[in-house]
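The values are calculated or read from the model by the stated rules, or taken from the named source; none is laboratory data. Since we're looking at a predicted model, the values are computed, not measured. Heads up, the Cβs are rebuilt from the backbone with ideal geometry, glycines too, and the neighbour counts pull from every protein chain shown. Note: areas computed on protein heavy atoms with side chains; ligands, DNA, RNA excluded. Shrake-Rupley method; radii C 1.70, N 1.55, O 1.52, S 1.80 Å.
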Amino acid sequence: MTSYDLKVMRLQCVQTAGGATDDVKMQIDGVKRWPPGDPEGYVTMAVGNYRDINERYTFHGDWMNVFLYGDTTFGEDDRLGDANIPRESLPGVEFTANLSNEAQYVLTYKVIKIED
């Protein structure tokens, strides 16, 4: 049986949500995945910053939703942007997704095909 993983390689900040920095978290299919560890953890990013992520996540359907949000002290978290990544993307090829809503980030990823 063939399965597929999403390898999230890098995240780059193009524009913050309005301040000098964003405290960024990432959900994959509705579950906080990055940064790993502390469920309340986040990574502070400013314009021009990038973070190498190099994490893999297994597809459980035809699409995987990647959602960035900004941790805020008061009120709801900022919706920084999201993308739906298709499992059928050309395996092994590096792609970018523009995640923009209240900010703009570029996510670099590839789909990895796993043969049994």
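Residues of region 16-34 that are out of contact with any Asp or Glu (no Cβ under 8 Å at 6 or more places or on another chain), in contact (Cβ under 8 Å) with a residue 24 or more places away in the chain, surrounded by 14 or more Cβ atoms within 10 Å (Cβ to Cβ) and under 20 Å from T72 (Cα atoms): T21, M26, Q27, I28. Taken together, R87, R56 contain a single residue that is touching a strand residue (DSSP E or B) at 6+ places or on another chain (Cβ under 7 Å) and more than 18 Å from W34 (Cβ to Cβ), which is R87.
Here is a yes/no grid of residues against (1) open to solvent by 60 Å² or more (accessible area, probe 1.4 Å); (2) modelled with pLDDT of 95 or more:
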{"site": "V8", "(1), (2)": "no, yes"}
{"site": "P36", "(1), (2)": "yes, no"}
{"site": "V47", "(1), (2)": "yes, yes"}
{"site": "Y57", "(1), (2)": "no, yes"}
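Within region 87-112, the set of residues being over 21 Å from V47 (Cβ atoms) and surrounded by fewer than 13 Cβ atoms within 10 Å (Cβ to Cβ) comprises E88, L90, G92, V93, E94.
Take G37 and tell me if it is in a loop (DSSP other than H, G, I, E, B) and either in contact with a Cys (Cβ under 9 Å, 6 or more places away or on another chain) or within 16 Å of N101 (Cα to Cα) (or both). No: the conditions fail for G37.
Checked against the criterion of being without any contact (Cβ under 8 Å) to a residue 60 or more places away in the chain, in contact with a strand residue (DSSP E or B) (Cβ under 7 Å, 6 or more places away or on another chain) and within 13 Å of L11 (Cα to Cα), the candidates L80, L107, L68 yield just one match: L68. From the list F59, F95, F67, the lone residue that is of a type in the set (F, W, Y) and either closer than 18 Å to S3 by Cα or touching a Gly at 6+ places or on another chain (Cβ under 7 Å) (or both) is F59.
Filtering region 66-85 to residues that are of a type outside the set (S, T, Y) and open to solvent by less than 40 Å² (accessible area, probe 1.4 Å) leaves V66, F67, L68, G70, L80, G81, A83, I85.
Annotation note: Cβ proximity below 8 Å between a residue of region 44-58 that is without any contact (Cβ under 8 Å) to a residue 40 or more places away in the chain and a residue that is open to solvent by 90 Å² or more (accessible area, probe 1.4 Å) (sequence gap 6+ or interchain) occurs for V47/Q15.
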